[in-house]
1. What percentage of the solvent-accessible surface of the chain, computed with a 1.4 Å probe over protein heavy atoms, is contributed by carbon and sulfur atoms?
2. Among the DSSP beta bridges whose two residues both lie in the chain, what percent are antiparallel, rounded to the nearest 5?
3. Can you tell which of 730, 853, 950 lies farthest toward the positive end of the dipole of the chain, using +1 and -1 charges on the Cβ of basic and acidic side chains (Lys, Arg; Asp, Glu)?
4. All other residues with a Cβ under 15 Å from the Cβ of residue 696 taken together, and with Lys, Arg as +1 and Asp, Glu as -1, what is their net charge?
5. Could you work out how far the C-alpha centroid of the range 363-436 sits from that of the range 278-352, in angstrom?
6. Can you check what the net charge comes to around residue 433, using other residues whose Cβ is under 10 Å from the Cβ of residue 433 (Lys, Arg +1; Asp, Glu -1)?
7. For an R0 of 60 angstrom, estimate the FRET efficiency from the Cβ-Cβ distance between residue 409 and residue 750 and round to the nearest 0.05.
8. Tell me the relative contact order for the range 567-667 as a rounded percent, counting alpha carbon contacts under 8 Å between residues six or more apart.
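The values are calculated or read from the model by the stated rules, or taken from the named source; none is laboratory data. Treat the numbers as computed from the prediction; the structure is a model and nothing was measured. Every residue, glycine as well, gets a Cβ built from its backbone with ideal geometry; the counts of neighbours run over all protein chains shown. Heavy atoms of the whole protein, side chains included, go into the accessibility calculation; ligands, DNA and RNA do not. Shrake-Rupley method; radii C 1.70, N 1.55, O 1.52, S 1.80 Å.
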Amino acid sequence: MRNPHSQIRNPHSALRNPHYDVRMNIRIAACGALIALALGTTYVSTPIAAQTRKPPLRHAQGAPQKIDEEYTRTIRENLQDPRITTELVDHLPASDTVPSPLKFLGRAVGAPGELTYAKDISRYYEALAKAAPGRAKYWKVGTTEEGRDIVVLAIADDATIKSLEKYRDMLGELTDPRKTTGARAQQLLHTAKPLYYAISGMHSPETGGPEMLIELAYRLIVEETPFIQNIRNNVITLITPVIEVDGREKQVDTYYFNKKRAQGDARLPLMYWGKYVQHDNNRDGMGQFLKLTQAVTKETLEWHPTVIHDLHEAQTYLYSSTGTGPYNNDIDPIVVSEWWTLAQNDVMEMTKRGVPGVWTYGFYDGWVPNYMFFIAHSHNSIGRFYEVQSYGPDPYEVRPGATVTSKEWFRPNPPLPMIKWGPRNNTNIQQSALLFSLSHVAKNKDLYLENYWLKSKRAVDKGKTGPTYAWVIPATQRRKADAAMAVNELRTQGLEVSRAGTAFKAGPVDVKAGDYIVRGDQPFRTLADMYFSIQNYPPQNPSPYDDTGWTFQYMRDLKILPVTEKGILDQQMTLLTADAKPPGGIEGTGNVLVVDHTGDNNIVTFRFRNKDVKMLAAEEDFELGGHKFRAGSIIVPDADRAAFEPILKDLGLSAWAVASAPNVKIHDLDIPRIGYVHSWTRTQDEGWWRAALDTFGVPYTYFADQKLREGSLRSRYDVLLFPHVGGSAVSQVNGMPKTGSAPLPYKKTADTPNLAYVDSSDDIRGGMGVEGLVELARFVQEGGTLVTEGSTATIFPEYGITTGVTVEEPAQLFVRGSILRAKITDLKSPIGYGYESADLPVYFNQAPVLNVAAGGFGGFGGGGRGGAPGTNPNAGFGQNVTPNAVPLRIQPFESDTNAAPSGRGERPPADDVAQMRQLAQQSGITIEDARPRVVMQFSANPNDMLLSGTLANGQFLANRAAALDHPLGKGHVVMFAIRPFWRWQTQGTYTLGFNAIMNWNDLDAGKTAPAGRGTTSQQQRQ
Ligand SMILES: [Zn+2]
């Protein structure tokens, strides 16, 4: 896991251990004392060094099993520190029939300087299942964006593997207390088996989990100690060794590529992991856009795992998850005890054996359900994870600071001030801990099965006892296409959705026939509780690990109404068994079609799917045939009804056919040529924009910011999209440092066959530079539209290219991934087209704070610049053990009328700004004072601002711009302080971005002040 708020923006950080300064790249010679150990035919001794520190805990063995001596020798020789071992992993059993990793892959797990491709791990798993069909079964669970297989291996005893489907169905029975009686459940507790699903390889630079799982699978299949037999007999272990398959192959390529680089030359960071994002692949649990998330959800719904366990690498030496709290409000309280029981079992068993540095509690909170392992919690299972000291694979030294080595209640045997570390330590520590977890669940299988049943039953009962009996999602609400899409995405996650058979009233909620109903009395209602609730995160809590607010209906600008009237459960309704289809089509007759702009994201699909058809946008609200249309509604003159009707039906959009166009101001919706700019310094966040553009059918040309230097941008593009990169304006302009003399290519070659899927470069060093920035300004000056977001919105103001907005960094403001109330202050701006009312819930994360009122180049006043923005305002005031006792003041939303990066404080030096201005002048670009058009701003009243999440000192955000349109020459710079395309969750604000794209050369439409040099081509249609 990675904390996006504390991300080090150093492009090389992926290659380094982020926690320590010293990482000596030394190969540790095999310890003489260990080599000197005598080897018998059967393995009976523990390493001397370990014996002196540890009680003899070797489990009694039955008939002695032959040891794989060659492999066992590698374990000893590769171990970097004799304390990091247990009797479970200090040897490998031999097998005549099942190939060891050494035999199959040519090297043992934990060999320094080597990494294994996912395709080879999969091949090995397939071979294990072939060699031991009684104990293992292998299958494919999905395909990645780049077309690679995601696989799983199931391991259990012969009888269980033979009847795997029977055991799956037993867990299925325990999942649904509506069908399974208590008596039947009691029987099942003794006959069913818990399913433990281990997943790794999600965060591609965290390389050890997949390696360790190679060995664990073999051990679980082959070993005949009572300890392993007990696991095999009582638990079904499911393993997906690499879930981010695309990223793993790139990581292995990158590692070997860097090995061959000369000293002093720049090292290649791991660029793209999957096609779209990097560590956000573990923030997709709610959005469920990525194939890897969909695969785990599919497995969860089919197999009902009792535990889902992710293996990560970001702590010293092994952190077993519980978290500091606050814990998610809607998980069943039983889960909290399960987290603690499992984690304490890990800490105790490892500590008993003298292994230092195994701990819990002091990392991560437990709040936001966007992690992959939260798929477990929304389905009544247990989700947990490890963070292990990095695998390497090159050995190194770990010298943590006092905050890591101090003895604390949650860390009874803390990490050491110095230790030699490397791949075998990593393998030993996490394999041992995982085996103790498996063993604990095997020994307590009835308990965990009973808890699972109880959690499912309590979820159903919650719907019967209230206070929330159901949720209603009006099917004909304004954004009806988006509502149907949301329903379908929720169904994919296992939530049952019904449709009302007749109209009825449920308390104050008017339900229409056909409305979607999420019944509260269903096993996975926890998912609805988690997603539809309002979050309240008092800042007195420990600093949040990630987002604090995520309320589904706010993020999607939808109506989802909780029902507190029990009678709704008895109303006539039918369970949806296929995707919901939103109503759409054409009413009336006539040659002119008017498509209502409802804010639905499919509006942009409609435009681009018919790019050769002339379409116009109404610039004002109007009424036609008794229907009220919002500005932005699309007028298609001389429309071919037969062609359009099926498209509108497919998209769930409604159009009215009329004889003549409405008498309203209009402009052409010219299809833009779109360029999409990314930086090589960071490819983490921008992919969420591509996710939206690809899904809704907006084509673009993707290229790196370096290419801006080539100029002639305006002749090639009408719109340039430049999503959030992170870092300061300066770092974004400079790009990756020009370290070393050799170019740093990112290309597909024979040695790096998996790189450059999305983009490539002969040399990724150096960004746009001031020259590229001048070209970007020239592009706008010549009439292009540049759309920026988050960090990229600060570049033009900071370099003084746009003069009407100031970037503030108020140290006192604390708002971490929250949902805030914004007001569309200019409903006539094309960017706000389709939105019904002025108020809109928006996602905002700390920065940037854009002040238009303070305006003026050089006026960096406003909010003060000291301190680190977004630090907990209550830190250092002593411990508050009941931070949730005083909830935050949160406003209800009435809709019917990343990360704060380090080094943000760096502003361009005066010299750079002067150079930029001089270059601009030489290029014929005049920078002149112009006032931006504020399209949307945050509430004036700080007490009215927070809708979900956390906020302190909101007065520093009051009236600041959330979205603005800055004129520059003949063009426009659109700046979003909010993140309109955030993790597939903020679908309610996608339309702001789509509007800017569709109306790119008419953004001055509806402007009350003189349009300056705007290019509005307004026509009065007769
Ligand atoms: Zn991770």
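1. On the way: 17440 of 34090 Å².
Carbon and sulfur atoms account for 51 percent of the accessible area of the chain.
2. Numbers: 78 of 116 bridges.
Just about 65 percent of them are antiparallel.
3. Farthest along the dipole direction, towards plus: 950.
4. Every neighbour counted, the sum reads +1.
5. The range 363-436 and the range 278-352 have Cα centres separated by 12 Å.
6. Details: positive: none; negative: 346, 349.
That sum, taken over residues with Cβ under 10 Å, equals -2.
7. Values: r = 54 Å, r/R0 = 0.90.
Efficiency computed from Cβ-Cβ geometry: 0.65.
8. Computed over the range 567-667, the figure is 46 percent.
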